[in-house]
Structure formats: C-alpha cells, structure tokens
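Have a look at the structure below before the remarks.
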Amino acid sequence: MNNSKKFVLSDFSENIFLIRTNQEKERLETSLFFLSLSEHLRKTGCWVDVVSAEESISVKYNCLNISNSEAKKIIFEQLDEFRYLETYKDSSLISIPVYYSKEFGLDVDDIADKLSLSLQEIADLHSSVTYKVKTIGFTPGFAYLGDLPDELFMSRLDRPRVNLLPGSVGISGNRTGVYPFGGPGGWRIIGRTPMKLFDPNNKNPFLVTVGKKIKFKSITKQQYENYANEKL
C-alpha cells in the first residue's frame, strides 16, 4: 500500500488543502506527527504556507502558478516519501507556578458555581495532571495543553475578552493553556503565572514547544510576588 493512502486530502478552499491521517490516533502522537510532516512538506518550496495543527495540516499554494491537480500530484508524491521519525520528541518537563485566585482568575466564581467546586478544588484538579503540548496556535506561543480533568470541562466564553493579562491561565473543553502575551481570548481564566514564557534572547524564544510536558504548581500570593520581583 502506498504511504499516501494513510492520508485523507481534501479541498479546504480554492487554494488550500487539508491533510488528515487514517491512522489510529491512540497509536499516534498526532501533534508531533503533523509537525514532522509539515517540515517534510516545506522542503519542496512549492507551498505558500504549511500550517500544522493538532490533527491536521493545511497547505496553501499559489493557484496562479500551479493548478489544483498539479498541486495534488506533488503532495501525494511527498506523502509517499514521508517517513515519520520522532525527531521532535522532547520529554522534558516544565513546571509552571500559578497563583489560582479570584484576583487573577476572572472566571473562578462562575466555574465554581457551575461545577460546584471551591477555588482550592479547581486549583487541585488543574495542577494534578501532567499535560502534553498538543499544538501551538491561535497566537504566537499559545500552547494547547491536554488533557484537562473531566471535572473541569467548561465551554468557551460566549464573548471573548479583548485584553487579558500576560501569563493568564485558561481552560476550555478538555484543554488548558497560558496566554504568554495576554491579548484577546475566550477561555475561562482561573489564575496567572509570574513565569515568563517568552524570552527574545533565546534561540527559540518560546519556552513551551510541541513535545514538552507541563505541570502546573499552585503558589500563594506572596510566592507570586516574590517570583515576579526576583525576575525584574
């Protein structure tokens, strides 16, 4: 069987393809798989953009330079050549301190009311899991972390906030994440980390990347202030 038959290719728009896999997700770390595949696809230089997501890849091409059928032919050839090697595998664990509070947890009261949980129970549940970085997206450096405990399942806000504080920690569905730059966001905010997840002086300025594992650690307000002051 050709390697390309493990994939499903569909037209997402007039000049964008969407690639998914037929392989069983239980046996595949899809975020790493698609990150590796996206790097492979970029090697031809044919594509305007290749964007890797948690369970798919979008490939954009210039329809003025190449036809739909020609683009598909090139993609299928690349898929046949692709061999997945876990070159991005990184099992390093990052501990992120979080001050779970009503001061920074804009949605704590609403979550507590809807889920019949106390602030302490929310913090304990959220920090009880070792999360995997499923994918990066939405804004630069924003990592989708999973899987969130079922007891904390909450839908997104009906109306996203315009400007969150940097370091805000949110939950949505079975995912959690930290807004490294703040900005707009529709996830339920339960606390804030004083840790800087972006350092422009590093080769890779983002601390959290695909393949890494994340563990949140509950801290007090005093610890939050001490941490923040030490980093000034």
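The values are calculated or read from the model by the stated rules, or taken from the named source; none is laboratory data. Keep in mind that this is a model prediction, so the values were computed, not measured. Counting neighbours? That spans all protein chains shown, and the Cβs are built from the backbone with ideal geometry, glycine included. What goes into the accessible areas is simple: the full protein's heavy atoms, side chains included, and nothing from ligands, DNA or RNA. Shrake-Rupley method; radii C 1.70, N 1.55, O 1.52, S 1.80 Å.
Brief remarks on what is shown
- Among the residues here, SER218 does not qualify as touching a residue at least 12 places away in the same chain (Cβ under 8 Å) and within 16 Å of the chain's Cα centre (by Cα).
- When ILE189 is tested against (1) in contact with a Gly (Cβ under 7 Å, 6 or more places away or on another chain); (2) under 21 Å from LEU93 (Cα atoms), only condition (2) is not met.
- Set side by side, the residues VAL162, VAL210, VAL133 differ, and just one is among the β-branched types (Val, Ile, Thr), open to solvent by 10 Å² or more (accessible area, probe 1.4 Å) and part of a strand (DSSP E or B), which is VAL162.
- The set of residues in region 57-85 being in contact with a helix residue (DSSP H, G or I) (Cβ under 7 Å, 6 or more places away or on another chain) and of a type in the set (S, T, N, Q) consists of GLN78 alone.
- Residues of region 54-83 that are closer than 15 Å to PHE7 by Cα, of a type outside the set (D, E, K, R) and either free of Cβ contacts under 8 Å to residues at least 40 places away in the same chain or touching a strand residue (DSSP E or B) at 6+ places or on another chain (Cβ under 8 Å) (or both): SER56, ILE57, SER58, VAL59, ILE74, ILE75, PHE76, GLN78, LEU79.
- Residue in region 183-190 that is loosely packed, with under 15 Cβ neighbours inside 10 Å and over 22 Å from ALA123 (Cβ atoms) present: yes
- Every test in (1) modelled with pLDDT of 95 or more; (2) in contact with a Gly (Cβ under 8 Å, 6 or more places away or on another chain); (3) more than 15 Å from GLY191 (Cβ to Cβ); (4) not polar (S, T, N, Q) is passed by LEU165 save one, and that test is (3).
- When the test is whether a residue is closer than 26 Å to SER92 by Cβ and at pLDDT 95 or above, PRO149 passes it.
- Filtering region 188-207 to residues that are closer than 21 Å to SER52 by Cβ and part of a loop (DSSP other than H, G, I, E, B) leaves LEU197, LYS203, ASN204, PRO205, LEU207.
- Residue match in region 169-178 (condition: touching a Pro at 6+ places or on another chain (Cβ under 7 Å) and over 14 Å from ASP107 (Cβ atoms)): no
- Matching residues in region 96-129 - criterion: being open to solvent by less than 60 Å² (accessible area, probe 1.4 Å) and of a type outside the set (A, V, I, L, M, F, W, C): PRO97, TYR99, TYR100, SER101, GLY105, ASP107, ASP110, SER118, HIS126, SER127
- Residue within region 186-201 that is closer than 25 Å to SER58 by Cα and modelled with pLDDT under 95 present: no
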